[in-house]
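Data block below; observations after.
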Amino acid sequence: MYCRNCGKEVDPQAVACPGCGVPPRLERKFCNNCGASTESNQVLCTKCGVSLKSLAAAGEKNKVAAGLLGIFLGCFGIHKFYLGYSKEGVIMLLCSLVGGIVTCGIAPGVLYIIGLIEGVIYLTKSDDEFAQLYVHGHKGWF
């Protein structure tokens, strides 16, 4: 894989390019398949023919759905389950249910605030940045 910012070869699991420090899928200056120079509005690479569409538009998790789930059902961790973070989702769900009984409803309120914050964070990220951090990078919290 090649960095879309500087065109250098990068490990597919890399969070940041060792050459330029930018998340390798974030920019649109180079093809991530062959490293050829591209235009920002280009849909296909003219050298290798691979699609240059946004990562989030490639049938992956939707940031709007994740954000709204975080805002409205955040205390139950539904947005975590949607993104594939089962461990974090179970933690939020159990803390909300069990903690709600033990703390007379305070724990779900705190978890709702966490879900609200995460939902707003998801919605304020660009599609590519959301995909890089939360879909490919598996950033579980905030």
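The values are calculated or read from the model by the stated rules, or taken from the named source; none is laboratory data. Not measured: the values here are computed from a predicted model. Note: ideal-geometry Cβ built from the backbone for every residue, glycine included; neighbour counts use all protein chains shown.
Some points to look at:
- When the stretch 24-50 is filtered for residues that are touching a residue at least 12 places away in the same chain (Cβ under 8 Å), assigned to a loop (DSSP other than H, G, I, E, B) and among the hydroxyl-bearing types (Ser, Thr, Tyr), the ones remaining, listed by number, are Thr38, Ser40.
- Identity of the residue in the stretch 95-141, aromatic (Phe, Trp, Tyr) and closer than 27 Å to Arg25 by Cβ, that ends up surrounded by the most Cβ atoms within 10 Å (Cβ to Cβ): Phe130
- Qualifying residue in the stretch 16-26 (condition: touching a Phe, Trp or Tyr at 6+ places or on another chain (Cβ under 8 Å) and surrounded by fewer than 15 Cβ atoms within 10 Å (Cβ to Cβ)): no
- Hey, Cys95 without any contact (Cβ under 8 Å) to a residue 24 or more places away in the chain and not in a helix (DSSP H, G or I) or not: no
For every residue, the table says whether it meets (1) assigned by TED's automatic domain parsing to the domain that holds Asp127; (2) small (Gly, Ala, Ser); (3) touching a Phe, Trp or Tyr at 6+ places or on another chain (Cβ under 8 Å); (4) at pLDDT 80 or above.
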| residue | (1), (2), (3), (4) |
| --- | --- |
| Arg4 | no, no, yes, no |
| Ser40 | no, yes, no, no |
| Lys80 | yes, no, no, yes |
| Gly84 | yes, yes, no, yes |
